[in-house]
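Worksheet: the structure to be examined is printed underneath.
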Amino acid sequence: MIISPARLLDVADIIALFDAERDVTGKMSWYRFQHYRRRTEQWDKIEDKGKILGFVHWAMKTDNTRTIYDLVVHPDHRRRGIGTKLVNHVGTPALVRTASAQRFFEKLGFVNQQAVDRRKTMLYLGKEPFVVNNDKPWIMTYTGKVVNPLDVKPDDICIQDIAHALACVNRFAGHTAKPLSVAQHSVLVSKLAVSDTGCPPALASKIALQGLLHDASEAYLGDMTKWLKAAMPVYCEAEERLQQVIFEKFNLPQGNLHPAVERADRVMVMFEASKGFGNAWDGKHLNSRPGYEPITQEELTIIGKWAPLPWRAAEDAFLVRYRACTTK
């Protein structure tokens, strides 16, 4: 099962979930998503094999408290842990404003804090927002998780954190004329990697997803130029270890990148460098390196009309590509 941000294309499926619940309030929440969306609010879906099974509407407050406004699971798919997965995805501490499902939340440890009105009750899961051990490295992610970047667990990883962080991380240590995000780079690597593999669709999807996530460790470790990495074996070990955890999280093969992903990555190095540095870049130092053969016309066609994307557009493009790679 995959949890990812809902999109406008999901409107019919989400409304069907609320219809099954006869939940008019939930429909109004979805209407707000369509017409009055706020960046502080998130509408996330959980799906299996392309079918949406559940949905949660929540927001992160400035004090790191989450508020759950709506959570619904299709009646045919209850008692499978789907609601629990959505609550765990939101994280704690969390408040729940709910007109129903109070028993479900109480089983998860929420306690009745106060009555809001006759129809709604506020429930609270009283855990500390995060616990920091200053003897170990830690970072806070976009969704509010606190993780040790040198010991990331599969449960620490979510696609929203990866998409947002990579959209804000620049290629080439930020020295191009305009910012070039790792998220935009990853989307094009994903597309190039499956351009001429001739493999079955299922395998092509895996290759495309590996291409999209080939630099995902940088969401937690930050980017470092490959020439500097060679002089820092500790970083290289941490990067390789984290990359394998990310592949495990998204059910991708462990080990080396597929040759098509490696070639696509090198194509984008040459292409982005020429665009980012202009005439100052001649690329001669790469000519003798394996895999850096000149970019073909077919590869240029796949890249298409190109311009650096603003970070929000890059983040959205990354999530759209992720959906394309994971939807059968």
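The values are calculated or read from the model by the stated rules, or taken from the named source; none is laboratory data. Owing to the predicted nature of the structure, the values given are computational and were not obtained by experimental measurement. Don't worry about glycine lacking a Cβ; one is built from the backbone with ideal geometry, like all the others, and counts go over all protein chains shown.
What number of residues within the stretch 183-200 are surrounded by fewer than 22 Cβ atoms within 10 Å (Cβ to Cβ) and either touching a Leu at 6+ places or on another chain (Cβ under 9 Å) or in contact (Cβ under 8 Å) with a residue 60 or more places away in the chain (or both)?
Let us first name the residues in the stretch 183-200 that are surrounded by fewer than 22 Cβ atoms within 10 Å (Cβ to Cβ), namely 191, 195-200.
Those left that are additionally either touching a Leu at 6+ places or on another chain (Cβ under 9 Å) or in contact (Cβ under 8 Å) with a residue 60 or more places away in the chain (or both): 191, 195-197.
Total satisfying the criteria: 4.
Six or more apart or on different chains, Cβ atoms under 8 Å: show the pairs whose first residue is in the stretch 277-290 and within 13 Å of R266 (Cβ to Cβ) and part of a loop (DSSP other than H, G, I, E, B) and whose second is small (G, A, S) and at pLDDT 80 or above.
Short answer, once both residue conditions are applied: G283/A273; G283/S274.
List pairs: first in the stretch 297-314 and at positive phi, second of a type in the set (A, V, I, L, M, F, W, C), Cβ under 7 Å, 6+ apart or cross-chain?
Pairs that qualify, where the first residue is at positive phi and the partner is of a type in the set (A, V, I, L, M, F, W, C): there are none.
So which of A216, A167, A204 ends up being part of a loop (DSSP other than H, G, I, E, B) and of a type in the set (G, A, S)?
The conditions single out A216.
In a helix (DSSP H, G or I) and within 19 Å of P259 (Cβ to Cβ): does that describe I295?
When the stated conditions are applied, I295 does not pass them.
Quick check: is even one residue across the stretch 243-261 touching a Gly at 6+ places or on another chain (Cβ under 7 Å) and assigned by TED's automatic domain parsing to the domain that holds T225?
Looking for residues that are touching a Gly at 6+ places or on another chain (Cβ under 7 Å) and assigned by TED's automatic domain parsing to the domain that holds T225, one finds at least one in the stretch 243-261, hence yes.
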